[in-house]
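Asker: I'd like to ask some things about the structure below.
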Amino acid sequence: MQDVDHIETTKEAPPPSPRAADWFWRPWYAKLTWALTLFYWICLELMITIPYDRLNIYLVNVMVLLIFVFNPITVVAVLGYSFLKAKVACGEWVITPGQPSQRPLIDPYTDTSDARSGDIHLRHIGVIQD
């Protein structure tokens, strides 16, 4: 019988997949951002009820410019940046460097100038009239 030190190498488990709620709702800055966004849109709606001659024109200009900052899509994009980085870090999504794929931008089966699209192609060359 021979004594051999045999060490088995085990793969570490990848970090768990991040949940969207952990990035969009739970952090203090996410709560603050959503609260400010809600407050902004409520104030903007209240401004509509005020007659135009009573409004401070400088305040109105600032509120209009802040539409881009407090747009919900902008808020999701800013808060989602860290979420996307976490998804890539856990290995669930992979970023491949280099040139984009050479896949055609238009599906050949819906492209009117491609013969593989069947009757659509025939409409393109004028065989089938609408």
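Asker: Could I have the simple spin-label model distance between W34 and V88, label points 7 Å from Cα toward Cβ, reported in nm to one decimal?
Answerer: Result: 2.5 nm between the two label points.
Asker: May I pose another question? May I ask for the net charge around C90, where only other residues with Cβ less than 13 Å from the Cβ of C90 are counted and Lys, Arg are +1 while Asp, Glu are -1? Could the numbers behind the result be given before it?
Answerer: Numbers: positive: R19, K85, K87; negative: E12, D22, E92.
Local charge sum for C90: 0.
Asker: Residue by residue through region 54-71, which ³J(HN,Hα) values in whole Hz follow from phi under the Karplus form 6.51 cos²θ - 1.76 cosθ + 1.60 (θ = phi - 60°), with glycine and proline marked x?
Answerer: Along region 54-71, the couplings run 8, 7, 7, 5, 5, 5, 4, 4, 5, 5, 5, 5, 6, 4, 5, 6, 9, 5 Hz.
Asker: Each residue of region 36-51 in turn: what ³J(HN,Hα) in whole Hz from Karplus with 6.51, -1.76, 1.60 and θ = phi - 60°, glycine and Pro shown as x?
Answerer: Result, ordered by residue: 5, 5, 5, 4, 4, 5, 5, 5, 5, 5, 5, 5, 5, 7, 8, x Hz.
A short reminder: the numbers here are calculations on the coordinates, not readings from a lab. The structure presented is a predicted model; accordingly, all values stated were derived computationally and were not measured. Ideal geometry is used to build each Cβ from the backbone, glycine not excepted, and the neighbour counts take in all protein chains shown.
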